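The values are calculated or read from the model by the stated rules, or taken from the named source; none is laboratory data. Since the model is a prediction, treat every value here as computed from it, not as a measurement. A quick note on method: Cβ atoms are made from the backbone with ideal geometry, for glycine too, and the neighbour counts reach across all protein chains shown. Side chains are part of the model used for accessible areas, which takes the heavy atoms of the whole protein and leaves out ligands, DNA and RNA. Shrake-Rupley method; radii C 1.70, N 1.55, O 1.52, S 1.80 Å.
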Amino acid sequence: MDATGKKIVAVRKQKGLTQEELAEKAGITVRTIQRIESGETIPRAYTIRAIAEALELDPASITGQPEEMVGLIKSDRSADQLYLINLLCFSYLVIPLVHAVIPYMAWKRANDTVYREGRDIVYRQIWWTVALFGLMLATVAYNLIVVKAQMKGWKIHYLWPFFAMYIINAFIIVRDHQRIKSGK
């Protein structure tokens with residue numbers, strides 16, 4: 001167990017909190033708390049701040065480092081993992097509709113420090129896929145109604161919504177890249 005983990009265990013027990021209660025208050029997983037307390041992982045700045053806030057402490061007091069150094073802890077590796085997960089989202093260009101499996105596998109292999117951010121990236125891709133399916137089905141339904149009712153409305157070519165959704169997803173991925181780069 002490293003010094004950070006020991007400090008968290010000591011303060012958590014002093015405040016009478018279980019690992020589950022601390023995880024809930026900090027908004028992180030119990031497994032992350034367990035890994036930090038056992039010294040299996042070095043928490044990143046966001047996690048340290050969340051735990052410190054839940055324990056009503058200064059983040060620097062947990063790490064034993066000056067506050068400005070807390071942001072440097074493991075941030076490079078976490079950002080690299082998030083960049084990889086986000087970059088893998090471009091697999092929709094090659095493998096549409098099931099592409100979310102690839103960033104999902106990378107997210108599952110990543111350490112717990114990117115849990116929330118990686119999950120959000122993967123979930124956005126899953127929702128994009130669901131929206132694409134829904135839009136394509138809506139296009140089919142609209143075209144069937146127009147043909148069946150012999151209306152003079154325009155039929156929508158299937159590629160229009162398909163390519164529109166592809167462009168929207170590219171913007172989503174680029175926006176996520178900018179968020180990772182800025183640390184948000």
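Step by step: first the residues of region 1-16, then only those that are open to solvent by less than 30 Å² (accessible area, probe 1.4 Å) and out of contact with any Ser or Thr (no Cβ under 7 Å at 6 or more places or on another chain), then the one that is nearest to Ile180 (Cα to Cα). Which residue is that? Explain how you work it out, then say what you get.
Narrowing region 1-16 to residues open to solvent by less than 30 Å² (accessible area, probe 1.4 Å): 4-5, 8-9, 11-12.
Pick out the ones that are also out of contact with any Ser or Thr (no Cβ under 7 Å at 6 or more places or on another chain) and you get 8-9, 11-12.
Details: Ile8: 27, Val9: 30, Val11: 31, Arg12: 30 Å.
Across region 1-16, the extreme among qualifying residues is Ile8.
Are any residues in region 140-184 aromatic (Phe, Trp, Tyr) and open to solvent by less than 100 Å² (accessible area, probe 1.4 Å), and if so, which ones?
Restricting attention to region 140-184, the residues satisfying the condition of being aromatic (Phe, Trp, Tyr) are 142, 154, 158, 160, 162-163, 166, 171.
Across region 140-184, the qualifying residues are Tyr142, Phe162, Tyr166.
The number of residues in region 141-163 being in a helix (DSSP H, G or I), in contact (Cβ under 8 Å) with a residue 12 or more places away in the chain and either in contact with a strand residue (DSSP E or B) (Cβ under 8 Å, 6 or more places away or on another chain) or among the aliphatic types (A, V, I, L, M) (or both) comes to 0. Note on region 78-100: residues that are assigned to a helix (DSSP H, G or I) and either loosely packed, with under 14 Cβ neighbours inside 10 Å or among the hydroxyl-bearing types (Ser, Thr, Tyr) (or both) total 6. Taken together, the residues in region 17-43 that are more than 20 Å from Asp58 (Cβ to Cβ) and part of a loop (DSSP other than H, G, I, E, B) amount to 5.
Could you list, in sequence order, the residues of region 54-97 that are among the polar types (S, T, N, Q) and either at pLDDT below 85 or in contact with an Asp or Glu (Cβ under 6 Å, 6 or more places away or on another chain) (or both)? Give the steps one after another, and end with the answer.
Of region 54-97, the ones among the polar types (S, T, N, Q) are 61, 63, 65, 75, 78, 81, 86, 91.
Correct list: Ser61, Thr63, Gln65, Ser75, Ser78, Gln81, Asn86.
Please work out if Trp128 is without any contact (Cβ under 8 Å) to a residue 60 or more places away in the chain and part of a helix (DSSP H, G or I). When the stated conditions are applied, Trp128 passes them.
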